Every structure is written in structure tokens, then in C-alpha cells.
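FYI, it's all coordinate maths here, none of it is from the lab. Just so it is clear, the structure is predicted and the values come from calculations on it, not from any experiment. Glycine also receives a Cβ, built like all others from the backbone with ideal geometry; neighbour counts cover every protein chain displayed.
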Number of protein chains: 2
Amino acid sequence: MQCTRVVTGRSFLMKIAVDAMGGDFAPEQIVFGAVRAAKQFDCEIVLVGDEPQIRKVLEREKGWEKLPITIHHTTQVVEMGEHPADAVRQKKDSSVVVAMRLVHEGQCDAVISAGSTGAAVAAAQLVLKRIRGIKRPTIATPIPTPKGATLLLDSGANVDSKPLHLVQSAVMGSIYSELVFGHKQPRVGLLNIGEEDTKGCELVKETYQRLKTVSLLNFVGNAEGRDIPKGTVDVVVCDGFVGNVVLKFGEGLAKTIIRLIKDEIKSAGILTKIGALMIKPALKRLGKRLDVSEYGGAPLLGVNGCCIISHGSSNAKAICNAIRVANDFAKSNVLEVIKETIIKDEALQNDFEETEKI
Amino acid sequence: MQCTRVVTGRSFLMKIAVDAMGGDFAPEQIVFGAVRAAKQFDCEIVLVGDEPQIRKVLEREKGWEKLPITIHHTTQVVEMGEHPADAVRQKKDSSVVVAMRLVHEGQCDAVISAGSTGAAVAAAQLVLKRIRGIKRPTIATPIPTPKGATLLLDSGANVDSKPLHLVQSAVMGSIYSELVFGHKQPRVGLLNIGEEDTKGCELVKETYQRLKTVSLLNFVGNAEGRDIPKGTVDVVVCDGFVGNVVLKFGEGLAKTIIRLIKDEIKSAGILTKIGALMIKPALKRLGKRLDVSEYGGAPLLGVNGCCIISHGSSNAKAICNAIRVANDFAKSNVLEVIKETIIKDEALQNDFEETEKI
């Protein structure tokens, strides 16, 4: 799959399946985001969900019929509170499961969901299946830094990881960073609480020793929490519990700082208020640089298909950006390279103990 | 120990032992911080370290001789790269070990170190010893929030925790929050990646069930990463690996945001530059509210003595504030309450399995 699909001499645009029912502001913001993306990017969009509801929103967008958007009707929705694995197994006609199926069956090239992350990961594993040799899929979230973005993975697909899971995350993150972000030999760091290789919990100490032996990685050693926003590494690897806590903490901290700036300005004198108006454009540019929704979504790596997981609170802009990310992912050959890399190297498929046994 | 020590009818000021050789800017900034504190707070200060070096810095402060500052000479220093436990066992005359000893022997009421955190924790365990029943000490770092501060513990004393360690952290953090920060029935949250009690890794799932049974705690359930900076809980409990990563990530993120604001203003037009000057006082106030050095240091809870761990990069202001924190800690009866609470309740001393065996 490169740039565009070539079938019988004709070239097609990438086709992105969008779970229109997943997310805090679904279907409205999802549909608006899809319309925006269809106008901006060269791709086709399939909105998966309840047709009457989707159509109602679409009709508020004049001339949508001329856009490359179609609707794929489904009758069920996985709700936020449901047990992810049980829900996706039972609700076979839910928007998230059907969207995955469209990719599995080759009708679409990528899928996006802003619904329950657990449900999206479960549906991806159930329908798309894991890549051969991959033990667990991993979510690779781009964290904005002054230099671009650092990929944080796993940022919440799995907890209680073993060293092998982190090694596989490192390999997949490195491939994605190189082929989609264009980083040559991405610097891979292991998230730890100190620089020395003797630092940290058992998981990271073992993972460190293992990562050192993976010659295809540009492993630069331990990275501390402060290295993530600084952008001193391109890929940072950790267990999904730690990654998810860090992600949500960062989100909360950025919001708190902005709220405090507003509070300070509100309670200040007229001079500060005028000053605030004058620096507004600069702050707006900064906001854009730090805005996670600019990155739209995080690829779920390790399954047989391009799958993007978006934030539950995604608005139209975030969904539009997620579609761009899905398009880039589908146009790259990330999946093929992951498959080849894992299959070629037995040490990347087995736990240390298993390898030693062989 | 309440407010002041009463010995044979006379009341004394609290006496704080300060490790003058620990920290990136030691001894200079440590000594300057001590001088500042001696002028501001009602306490005596014992500077522990190499006397000639300390005296040289002190002599740059006119009239220091009239301040309640004394020097306790030591000949050794634990360096940053050394193995903490080995170093404190071998260097019996190091500033950090001797400072702890002064508290153990009752010559001082509290101790501060900005040196290697690992060495300070090891020295505290070696010299002060753990409180009976406490399995591991825990670092309780105050995180600034719009509403005050949330105590994050453990923020780096221990990794690979078990549920009991987190439960003990919760109890000690709650007592400290109530008696030093004045929070009535502090809200205690368990750091997790979702609100439901079925979420998270094995450690937090087990800890959740255990925390529910501790009637003396105001356990409010799971807290997500975003709850920490918001201040929705007063105490948040996690493993030291997670806590330390969060702490350093927050530090890095705040610095990155400030750097980006400066960059944006620098590259902007004259109008923005004037605007920036006009809002400077508001931003300065904000900086003060978010500045971790305002909190000066984090208590190490669970050892037999008041011990404050300061950031390695502490400047004079941070050390001065750490001395204030040490003074408050020493004046409170936190240690006594922790001891009584743990001794009274057998369930707080044993692992689940152990309790079940009994």
C-alpha cells in the first residue's frame, strides 16, 4: 500500500472508515470533522453509524452530497461504561466493530474511533487481529514538543506489561516515527526515573538490558519524565499505565496553567488587560503548537490494519486532523515494515526466558 | 513535640539540621538559604558539612554570627553518582548521614537534604529507622494546584510497590495533609487510568479494594492524572516509579510552556512585546503560584524523625522554604499520630495474605 491503491491500472484515494457514534460529541462533531476533512484532504470517508442521525447532521452542511462521503448504516453503539471486550463481542453491528470490519475486509484503508479506548482496542484485536509475533498492540500518542512531537507508547492500550511488550512497542514506535514523521533513525528512550541503567523498577531494568541488544533501534538509554515535553527523544517507551497517567496529567496541567493565566488577567488592572489583548495572537500560536487536537489521534500499532484512536472529547477539528493522520498512516508502509521486522527477528517475538530455552 | 520543645520548664526553638553539602548548588545556595530562613523563621539551624567551605560562604553574609546558625563539621560527602545504600553505609561521616544522626540523637528536630534522593532515603532508613509497622518510607511531594497543593506520594522513594505500601502511604499522607496543611478529612485518591474500580493494573486494583476497608481514610476512589493539577483530591497515592515520572514530567512541561511563551514573544512584533511587558506582573504572580520551590521540599514519611527531601537544583529560596516546611513538620505531631495509627490497627501492618493467614 503506497500513496494510493493501484487496482487494474486505476488509482484510488485512500478510504477512511470513521466511527460516527464514538466520542463525547458524537455524532455531530464527528460528522462535521469528516466534512471538513473531505474538503481538505485527498481521501474518501465512510461514516459508520446510525444513518438517520448521521444524515440529519450532514444535511446541515450545504453541498455535502458532492463530497467523497458515504454512510454505512449500523444499529448498535458501544457505550462508555460498558465492559470493552464483552461489548464488542456481543454488539457485532456496533459502529466501532463494523468500522474495523470494513478495514479487515479491504473495503477501507484505515479506521478512526473517538469512542471508548478500551472498546476500540478490543474491537481492533477481535476484528483486525494482532500482527503475527506481536504480543500486545500499543497506542502511540504524539506529545507536542518545541521540536515537533515525541511518540509516547504505550499510552494506554495495556497495563502490567512485560519487557517484551515494551521492546515490541519500541520497534513499532521507531518504525512509525521514521516512516510517518520522517525522523531518520529515531532516538528511542526508555521512560525511567534516572539516567543510569541500574535505576527503576524491575520491568524497566530488564527492558533496558533487552533494548540494548536490538541493533535495529537507535536506543539512547533512559529518558526521564522531563525529557518528554523537551523533545530530547523521538520515541519514549513505557507501560500503558504509566503512559496513560502521564498523558492525562499533562492534559490537566496544561489546562490548569491556561485557567490560571486567565484568572490572573481577569483579576488584574486595565493595563494588564490591554497587555493581554496585545499578546493574544502570540498566545494563540502557542496554543496551536501545544494543542493535542492538532495531532488528531494516536495510531494503535500492532494490529493488522491502520487504526487511529482519538480523544473522547474530540471536536470537529480533532476529527479532521485524525483523518489526516489516518490518511498518512494508510499511505505509508508502516504495517508491512512492522510485519517484516518482527517476522525476521526471532528475538523480537519471544520473552527472554523463551529465547534462552531455544 | 508540640510547637516548641519544653525541657525543664524552658521552651526552645526547633533546631533544623541542614545537609550543607547536598545539592547541585551546594554549599553556596544551601548556606544562603539557611541564612535567609534564620532571619525569617523562629528556628535554629545547624549547617552540617565541611566547616571551612561553609564558613567561607557564611562570611559573605554580614552579621551572620548574630543569627541562630551553628556549623557541625563533617569530612565526607555522598556524591550524586554513588550507589545510595553502599555510600551511606561506608561514609559514616558524610554530611547527610551526620545530619540524620543529629535528629536520631535528639540534638535536632528535623533534617533537610537536597543531595541525592536515594542517599537521603537510604540514610534516613539506616539512621532514623522506619516507624514500627511501616514497611517502606514514602516521599510526599506537594503539587501546586489552583486550590493549594495536592500531596503526591510516593513520588520516588520506592518502586515495585505492593498494595500494603500504597495503603500505608495513603494513611501517612492523609495524616500529614490534615496536621500540616490543615485539610479536614483530606480526600484521598488512588492514581489510576479510569474512574471505575475494575480499571488499572493489578497493583491498583488490589489497592483499591484494600483502601475501601480503611475506615479512618476519606477514600474518594480513583483519581486520574488530570485530577492532580486540578486539585480535586488532597492526597493522591501511587507507586514511586509512577509518582517520580509524573513529577519530572510536570516540571519539564511547565518549563517547556514558559520557554515557548518567551519564544513566541521574542519572535513577535513590537505590539506583542509591549503587551508582554504589561502583563509581566500577572505572569510573575502566576509563576509564584506554580513554583515548586515555594514548597521547598517534600517530607519523607515513615521514618522515626522529621526528614525533608529537597530538589537537587534547590536555590537559596527553595532551601529557605524547605526549612519552613521542616519547622512546620517538627512542630506538628505527625510522627506521633502515624505511630499510634499504625500500631493500633493490625490491618495496616500486614499484607492481605498475611492478614488472611491470621
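In a simple Cβ point-charge model (Lys, Arg +1; Asp, Glu -1; nothing else charged), the protein assembly as shown has a dipole of about 2520 debye relative to its Cα centre.
One quarter of the surface of the convex hull around the alpha-carbon atoms of region A:209-358 equals 12.2 nm², the direction-averaged projected area.
Of all lysines in the structure, the ones whose alpha carbon falls short of 22 Å from that of B:Lys135, not counting any fewer than 8 places away in one chain, are A:Lys199, B:Lys162, B:Lys205, B:Lys212, B:Lys339, B:Lys344, B:Lys357.
The reciprocal of the average 1/r between distinct C-alpha atoms defines the Kirkwood hydrodynamic radius, which for the protein assembly as shown equals 27.4 Å. Inter-copy label distances at B:Asp263, using a point 7 Å along Cα-to-Cβ, come to 2.8 nm with the shortest given first.
For the rotational copies A and B, the chain A residue with its Cβ nearest the relating axis, together with that separation in Å, is A:Gly275, 2. Under a 5 Å amide H cut-off, with hydrogens placed 1.01 Å from N, B:Ile71 pairs with B:Leu47 among residues at least 5 apart or on other chains.
Sorted from longest to shortest, the spans of the Cα atoms of region B:268-341 along the three principal axes equal 62, 22, 16 Å. Projected label points at B:Lys284 and B:Gln107, each 7 Å from Cα along the beta carbon direction, are separated by 4.2 nanometres.
Helix content alone sets the calculated 222 nm mean residue ellipticity of chain B: runs of n ≥ 4 DSSP H residues at -39500 (n - 2.57) each, divided across all residues, give -13500 deg cm²/dmol. Taking Cα centre as origin and charging only the Cβ of basic (Lys, Arg, +1) and acidic (Asp, Glu, -1) residues, the dipole magnitude of region A:141-292 rounds to 940 debye. Between B:Arg89 and A:His83, the C-beta separation translates, for a Förster distance of 45 Å, into a calculated FRET efficiency of about 0.35.
Backbone phi angles across region B:52-61, fed through the Karplus curve with coefficients 6.51, -1.76 and 1.60 (θ = phi - 60°), yield HN-Hα couplings of x, 5, 5, 4, 4, 6, 4, 5, 7, 9 Hz in residue order; Gly and Pro are listed as x. Considering only alpha-carbon pairs that sit under 8 angstrom and 6 or more positions apart, the relative contact order computed for region B:59-197 is 14 percent.
When you restrict to C-alpha pairs under 8 Å that are six or more residues apart and normalise by the size of chain B, the relative contact order lands at 23 percent.
Which one, B:Pro281, B:Pro68, B:Pro84, has the greatest fluctuation when you compute a Gaussian network model over chain B with C-alpha springs under 10 angstrom? In this elastic network of chain B, the residue with the biggest mean-square fluctuation among B:Pro281, B:Pro68, B:Pro84 is B:Pro281.
Here the calculated FRET efficiency for A:Glu196 and B:Ser313, from their Cβ-Cβ distance with R0 = 25 Å, stands at 0.85, rounded to the nearest 0.05. In this structure, the amide hydrogen of A:Asn222, modeled 1.01 Å from its nitrogen in the peptide plane, lies closer than 5 angstrom to those of A:Leu190, counting only residues at least 5 positions away or on a different chain. For the pair region A:198-272 and region B:240-255, the centres of their Cα atoms are 7 angstrom apart. Extending 7 Å from Cα along the Cβ direction at B:Asn350 and again at A:Glu65 yields two label points whose distance is 7.6 nm. Considering only A:Gly194, A:Gly63, A:Gly118, the mean-square fluctuation computed in a Gaussian network model of chain A, springs between alpha carbons under 10 angstrom, is largest for A:Gly63. From least to most packed, judged by other beta carbons within 10 angstrom and beginning with the fewest, B:Asp19, A:Asp227 follow the order A:Asp227, B:Asp19. Do any of A:Lys147/A:Lys273; A:Lys262/B:Lys280; A:Lys248/B:Lys255 go past 22 Å between their Cα atoms, and which? Exceeds cut-off: A:Lys147/A:Lys273. Other residues whose C-beta falls under 14 angstrom from the C-beta of A:Leu151 contribute a net charge of -3, scoring Lys and Arg +1 and Asp and Glu -1. GNM on chain B, alpha-carbon springs under 10 angstrom: the most fluctuating residue among B:Ala268, B:Ala120, B:Ala330 is B:Ala268.
Look at B:Phe25, A:Phe329 and count the other Cβ atoms within 10 Å of each Cβ; fewest to most, that gives B:Phe25, A:Phe329. 3J(HN,Hα) couplings calculated from phi for region A:329-346 with the Karplus curve 6.51 cos²θ - 1.76 cosθ + 1.60 (θ = phi - 60°) are, in sequence order, 4, 5, 6, 7, 10, 4, 4, 4, 5, 4, 4, 4, 4, 5, 5, 6, 10, 4 Hz; Gly and Pro show x. The value of relative contact order for region A:262-349, using C-alpha pairs under 8 Å at least six residues apart, is 20 percent.
Per residue of peptide A:164-170, the mean number of Cβ atoms on other chains within 10 Å of the residue Cβ is 0. Per residue of A:268-276, other chain Cβ atoms within 10 Å of the residue Cβ number 5 on average. Rounded to the nearest 20, the Cβ-based charge dipole of chain B about its Cα centre (Lys and Arg +1, Asp and Glu -1) stands at 1280 debye.
For labels at B:Lys147 and B:Leu271 in the simple 7 Å Cα→Cβ model, what's the distance in nm? Taking the two extended label points, one gets 4.0 nm. If the Kirkwood radius is taken over C-alpha pairs of region A:141-292, then at 25 °C and 0.890 mPa s the Stokes-Einstein diffusion coefficient equals 146 µm²/s. Amide H contacts of B:Leu151: B:Ile143, B:Val235, B:Val236, each under 5 Å away and 5 or more positions distant or on a separate chain (H built 1.01 Å from N in the peptide plane; Pro and chain starts excluded). Using the Cβ-Cβ distance between A:Glu294 and B:Asp42 with R0 set to 51 Å, the FRET efficiency works out to roughly 0.45.
Largest first, the extents of the alpha carbon coordinates of chain B on the three principal axes equal 65, 63, 41 Å.
Phi angles across region A:268-277 convert, under the Karplus curve 6.51 cos²θ - 1.76 cosθ + 1.60 with θ = phi - 60°, into 3J(HN,Hα) values of 8, x, 4, 4, 5, 5, 5, x, 4, 4 Hz, Gly and Pro given as x. Copy-to-copy label distances for A:Lys147, where each label lies 7 Å from Cα along Cα-to-Cβ, are 3.9 nm in order of increasing length. Distances between equivalent label points of B:Asn333 across the copies, with each point positioned 7 Å along Cα→Cβ, amount to 7.4 nm, shortest listed first.
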